[in-house]
1. Which of the three applies to segment 343-389, rounded, prolate or oblate, going by the alpha-carbon gyration tensor with a ≥ b ≥ c and a/c under 1.5 meaning rounded?
2. Just how large is the dipole of segment 28-184 about the Cα centre, in debye to the nearest 20, putting +1 at every Lys and Arg Cβ and -1 at every Asp and Glu Cβ?
3. With every protein chain kept in the model, how would you rank SER358, SER352 by accessible area, 1.4 Å probe, largest at the top?
4. Over segment 1-136, what is the relative contact order in percent, taking alpha-carbon pairs closer than 8 angstrom and at least six residues apart?
5. Any idea of LYS178's accessible area? Nearest 10 Å², probe 1.4 Å.
6. Provide the net charge surrounding ALA472, with neighbours chosen by a C-beta distance below 14 Å and charges set as Lys +1, Arg +1, Asp -1, Glu -1.
7. Per the 1.4 Å probe, what fraction of the accessible area of segment 363-414, in percent, lies on carbon and sulfur atoms?
8. Under a 1.4 angstrom probe, counting protein chains only, how are HIS14, HIS41 ranked by accessible area, largest first?
Amino acid sequence: MLQKVLMDSKVLVHLLVCIFAISSWVDINGMWVELPILVTHLPEKWTLPSYITIISQIANIGPIIFVLISLCLKRTHVKKLTLDKITSYIIMIVGVASTLLLAFFWEETIFVDGADRSFALLALSFFLSFVDCTSSVAYVAFMASLKPVYLSSFFVGEGLSGLLPALMALGQGAGEIKCVNASSTSERNVSGNVVNVTDYYVYPTYLPPRFSVQLFFLLLCGMIFLSMVAFSLLNFWGYCKDQLVAVSMYNLEDSDNLRDSIDLEDEVKDVSFRKTSYSYEMTVSLEDEVGVNNKDFPASQAREKLPNHVENKIVSDDSAEVQHQKTSKFVLFLLLLQIVIINFLITAFLLSIQVYSSLPYGIDTYNLVVTLSNIANPVACIISVFLSITSPWIISLMTTCGLGCSAYIIALACLSPTPPLIGTSSGGPVAVAVWVGASFFLTYAKISVAGVMRQVGRHALIVYGALTQTGALLGAVTGFVLVNEVKVFKDASWC
């Protein structure tokens, strides 16, 4: 399997794709793991996460705008790959600028409505959320221009966008708590006599960070800049050019020449040919560009009439109808429904109840859950590079396993602060194992669905990206209501 992957791809391109994908969510994930320090300095205190949650959901207008623009361009000569590239560059430029500003202005407040507000941090978090949400559709749309084998590497990078900030925060000591033994003495009336009574208790205190918040945000800024460099190399370095499977069929100014060379009417639709330099069949779709009707114009004749500069290029697989025929609409609907459920859980809802499901077993268990569940994500992505799954039924089985683990996690949170196996040696390890299992299985299923959508075409990847944000939105709103408004879950003691 490793040999096959290496034969069909280039290791350095895998690395560049991985670095490029890190910029997808690294900034917002970084802000979340830095919250234990931020709340000790900012006036909102622990209400700050709820503000960021609402801002993040408002920012979902980003993917909507991208999809609408993509639909508007569907019947034009503007290259969709150009839209994907421009949008990706905007995402990374805004990410670099916002994290750089955060490094110097995160503590700045303004007086609004009778209280100090962290205007700078909240405003910049909106811009970061806006571009990160948009990356869910723009980045995967761009990945349609690369060989399918690179999609798993993209998700490795996306997983690292959560792991790397978590490891940085771990090294920084963000959120590290020390349980301090304390006592207090008071006078009490006991049987008519006043006596001194000493009470002993334990309380948590945050340890000072090993390096500053400013340095943390500067490191995030550096990561996004490196992602932009990797993205530029993928687009302009000659070494990567032959890994593109979807480039523009012709420039806008070449369209008249192409029409003359074919000299037929209506639309070119799904002209399939075998390109000798590759061992697989490519699908050529000139729909939206040129007028030819394939019913009156066989594929073999179409290829003969194509000019050399067109024939030698690999073109957009936007309308890969072959895969549509192999994958029924019901199966596609089932897979896309799973994406909504998966992102509802691992992207938003489970994170909102993470502390309730693991803290009752102790601080060490909670820290292990946070760290190992973040590690399970890129591990699943790496495995999928060498062991890809395309069977809808195996994907559904993976999702079912993840749902089983998620159900146990939700049960633990609902029963907090006295969940099953509390006070036993097996309670903590079981909680950690279930969290790792949920992260691994759901991530693996998510990547596998993306692989299927990649075979269907660019539009399917855009729908996939939009539904990931839909699931995340529903999960975030549900978690916010249950945790902050209904207060279904009860806190356990940190010590």
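1. oblate
2. 840 debye
3. Largest accessible area first, the list is SER352, SER358.
4. Worked out over segment 1-136, it gives 35 percent.
5. Number for this one is 110 Å².
6. So the surrounding residues net to -1.
7. 75 percent
8. The most accessible residue leads, giving HIS41, HIS14.
The values are calculated or read from the model by the stated rules, or taken from the named source; none is laboratory data. Computed from a prediction, not measured in an experiment: that's the story for all the values here. Positions of Cβ are backbone-derived with ideal geometry, glycine not excepted, and every protein chain shown enters the neighbour counts. Just the protein is used for accessible areas: all its heavy atoms, side chains included, with ligands, DNA and RNA removed. Shrake-Rupley method; radii C 1.70, N 1.55, O 1.52, S 1.80 Å.
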